[in-house]
Amino acid sequence: MHAHTDNRTEFMIGDRSIAVLAQRDDLLVLDKPAGVSLLADRSGAPCLWDALRAALAPVRPFQVHRLDKGTSGTLLIATSQARQRELTKLFAARRVRKYYAARCVGRPELSGTGFIDLPLRKGRKSRYRVAGPRESIKREDRIWRLAPDDGGGHPSQTRLRCRDDWLLLQPLTGRTHQLRVHLAWIGHALRGDHLYGRPDDPAQAAPRLLLHCHRLVVPGVGSFRAPLPGDWPG
């Protein structure tokens, strides 16, 4: 049984619009703006989930994956439990290919595709960290690893490629804050990242976290793309 929703091009959350990138009987693909939390948080600000539930009623939205509050871009929402189960399994099996655009402090000296292979573990105050001392991170050619690797933490891998003055990132695992931690720990924190970077560093100044999920490729479902937002620096 498919859940039917009215075709629309956007949803409203407060005075902000959420663009609909694609819509099917049991799937919505949204272009989430930066600064909007998917779920309710301690700030008390309107969250995307409450707006979706009100806009889709009596149809229920079902969560498939998450984007951080500061991250913009492609977000999948299921509108049936069957679709949720299908997509959740694909994400858990790491079969969904995820691509992010990012702006960071400095620029990694990199020709071709790089690879960050740094395990993560939970740190203090809801932060995450590389599971080893910063000084143990070694770069060999185009690969960043812990040397020696003590086997601790959760395996976490990210591909990266430089494109002019921005980065194209592909997380191969789905750890919390993975891209933000990986870039910060190799010395190239995301601009606008006040959790893992240095807010007092002028080189990091930005009106928002400069991380954008610009494409998701879902086997058997489709490829979905969110253009760079208007507040993205040129």
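Where q = 0.09, 0.21 Å⁻¹, what log10 of I(q)/I(0) comes from the Debye formula for segment 32-160, counting one point per Cα? Treating every Cα as an identical point scatterer, log10 I(q)/I(0) equals -0.39, -1.33.
Along the positive direction of the dipole of the chain (beta-carbon charges: Lys, Arg +1; Asp, Glu -1; about the Cα centre), which of Leu39, Val105, His214 reaches farthest? After comparing all options, I get Leu39. Residue-normalised convex hull volume from the C-alpha trace of the chain: 135 Å³ per residue. Computed from point charges on the beta carbon alone (+1 for Lys and Arg, -1 for Asp and Glu), the dipole magnitude for segment 111-234 about its Cα centre is near 360 Debye. Average accessible surface for segment 51-185: 52 Å² per residue, computed with a 1.4 Å probe over protein heavy atoms with every protein chain in place.
Please state the charge dipole magnitude for the chain, taken about the Cα centre, from unit charges on C-beta atoms (+1 on K and R, -1 on D and E), reported in debye and rounded to the nearest 20. Provide the component values of the computation, followed by the final result.
Numbers: 39 positive and 23 negative charges, 114 e Å.
Taking the Cα centre of the chain as origin, the dipole is about 540 debye.
Expressed in units of 2.2 N^0.38 Å, where N is the residue count, the Cα radius of gyration of segment 102-234 is 1.06.
Per the 1.4 Å probe, what fraction of the accessible area of segment 1-143, in percent, lies on carbon and sulfur atoms?
Details: 3600 of 7990 Å².
The value for segment 1-143 is 45 percent carbon and sulfur by accessible area.
Measuring between their Cα centroids, segment 93-149 and segment 31-57 lie 30 Å from each other.
Between rounded, prolate and oblate, where does segment 1-103 land on the alpha carbon gyration tensor, with a ≥ b ≥ c its root eigenvalues, rounded for a/c under 1.5, else prolate if a/b exceeds b/c? Can you show the working numbers first?
On the way: a/c = 1.58, a/b = 1.09, b/c = 1.45.
Oblate.
State the answer as a single residue: which of Phe62, Gly73, Ala147 lies farthest towards the positive end of the charge dipole of segment 56-163, with beta carbon charges of +1 for Lys and Arg and -1 for Asp and Glu, about the Cα centre. Farthest along the dipole direction, towards plus: Phe62. The fraction of accessible area contributed by carbon and sulfur in segment 155-234 is 50 percent, rounded to a whole number (1.4 Å probe; ligands and nucleic acids excluded).
The distance between label points at Ala92 and Arg161 comes to 3.1 nm (points 7 Å beyond Cα on the Cα→Cβ vector). Proximity of backbone amide H atoms, modeled 1.01 Å from N, is registered between Arg66 and no other residue at under 5 Å, excluding neighbours fewer than 5 places apart on the same chain. All Cα-Cα separations within segment 156-226 were binned at 10 Å from zero, giving a P(r) of 18, 48, 27, 6, 1, each value a whole percent of the pairs.
The values are calculated or read from the model by the stated rules, or taken from the named source; none is laboratory data. Since the model is a prediction, treat every value here as computed from it, not as a measurement. Cβ sites come from the backbone with ideal geometry, for glycine too, and all protein chains shown count toward neighbours. Surface accessibility is based on the protein's heavy atoms, side chains included, excluding ligands, DNA and RNA. Shrake-Rupley method; radii C 1.70, N 1.55, O 1.52, S 1.80 Å.
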